[in-house]
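Accompanying notes for the structure given below.
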Amino acid sequence: DTEVTQTPKHLVMGMTNKKSLKCEQHMGHRAMYWYKQKAKKPPELMFVYSYEKLSINESVPSRFSPECPNSSLLNLHLHALQPEDSALYLCASSQVQGGQETQYFGPGTRLLVL
Amino acid sequence: GQNIDQPTEMTATEGAIVQINCTYQTSGFNGLFWYQQHAGEAPTFLSYNVLDGLEEKGRFSSFLSRSKGYSYLLLKELQMKDSASYLCAVRKSGNTGKLIFGQGTTLQVKP
């Protein structure tokens, strides 16, 4: 099983709304990530959780708030977003085994902020 | 500083072989990933190289030379479904899994 799942697949929200994106993996990976991807651009790292602790925050605005309730789940809480935050939000997880690293992405949540 | 370069676009013929190059300059290196991304979909993991040499997986192979800061992805027996964007990403040392992505190479496979 190399699956990372994300919900919802699509989300439309107003600038005053509060919503959450959810990510789940059952591969036993101890590192999980949030990326943001705009059209025709590569993914940009937002946050990294390692063993359920936030290890990297790439200077992301506070209107994005990550949470890692347990080793299988990762949430991204959204509040007071701007239209320029519209993008594909990708969750990923990774592990190193036998010197080989794998990092798998979920299908993403396509977010539109109106 | 950090810089990852890939060609923006490539075109190849169905059944042929294509090589997508990636050069990198990063402060700290701990492996290089290749991903395939079809339009509107998430990136799909293809390969990971941390040691010099060639890794082969079916029709796809990936090569790394750390001394030259160079990698390539080799796609054999091209199929129409291989038309996609191919992303090269460097994992930096000292950071938990942080990947720096290149801008991606859009490959178009023609009949």
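The values are calculated or read from the model by the stated rules, or taken from the named source; none is laboratory data. Being a predicted model, the structure only gives us computed values, none of them experimental. Cβ: placed from backbone, ideal geometry, glycine included. Neighbour counts: every protein chain shown. What goes into the accessible areas is simple: the full protein's heavy atoms, side chains included, and nothing from ligands, DNA or RNA. Shrake-Rupley method; radii C 1.70, N 1.55, O 1.52, S 1.80 Å.
Quick notes on this structure:
- Within-11-Å neighbourhood charge of A:Pro107 [Cβ basis; K, R +1; D, E -1]: 0
- Max mean-square fluctuation residue, GNM over chain A, Cα-Cα springs under 10 Å, options A:Cys91, A:Cys23, A:Cys68: A:Cys68
- Kirkwood hydrodynamic radius of segment A:17-75, from inverse mean 1/r over distinct Cα pairs, in Å: 12.2
- Inter-centroid distance (Cα atoms) of segment B:1-44 relative to segment A:36-82, Å: 24
- For the residues of B:25-36, the average number of beta carbons from a partner chain within 10 Å of their own beta carbon is 1.
- Residue-averaged beta-carbon neighbours from other chains (10 angstrom radius) around A:94-106: 5
- Out-of-range pairs (alpha-carbon distance over 25 Å; input B:Lys76/B:Lys110; A:Lys36/B:Lys76; B:Lys68/B:Lys110; A:Lys38/B:Lys76; A:Lys22/A:Lys53; A:Lys38/B:Lys57): A:Lys36/B:Lys76; B:Lys68/B:Lys110; A:Lys38/B:Lys76; A:Lys38/B:Lys57
- Surface accessible to a 1.4 Å probe, per residue, for the residues of chain A, Å²: 50
- Dipole magnitude (debye, nearest 20) for the protein assembly as shown, charges at Cβ of Lys, Arg, Asp, Glu: 380
- Of A:Gln100, A:Leu111, B:Leu51, farthest towards positive along the dipole that unit charges on Lys, Arg, Asp, Glu beta carbons give the protein assembly as shown: A:Leu111
- Chain B, relative contact order in percent, only Cα pairs under 8 angstrom and at least six apart counted: 36
- Candidate aspartates and glutamates for bridging to A:Lys40, where Cα separation is under 20 Å - those fewer than 8 sequence places away on the same chain excluded: A:Glu84, A:Asp85, B:Asp5, B:Glu9, B:Glu41, B:Asp82
- Take the Cα radius of gyration of segment B:1-77 and divide it by 2.2 N^0.38 Å, N being the number of residues; the result is 1.13.
- Relative intensity of the protein assembly as shown on a log10 scale, I(q)/I(0) at q = 0.08, 0.15 Å⁻¹, equals -0.29, -1.00, per a Debye sum over C-alpha point scatterers of equal strength in the absence of solvent.
- Hz values of 3J(HN,Hα) by residue in segment A:46-53 - Karplus curve (6.51, -1.76, 1.60), Gly and Pro given as x: 10, 9, 10, 10, 10, 6, 6, 10
- Less than 5 angstrom separates the built amide H of B:Ser47 from those of B:Trp34, all sequence-distant by 5 or more or on a different chain.
- Contact order for segment A:1-72, expressed relative to its length and based on alpha carbon pairs under 8 Å spaced 6+ residues apart, stands at 24 percent.
- When chain A is described by a simple charge dipole with +1 on each Lys and Arg Cβ and -1 on each Asp and Glu Cβ, the residue from A:Tyr51, A:Asn17, A:Pro69 located farthest towards its positive end is A:Asn17.
- When a 1.4 Å probe is rolled over the protein heavy atoms, the share of accessible surface on chain A that falls to carbon and sulfur comes to 50 percent.
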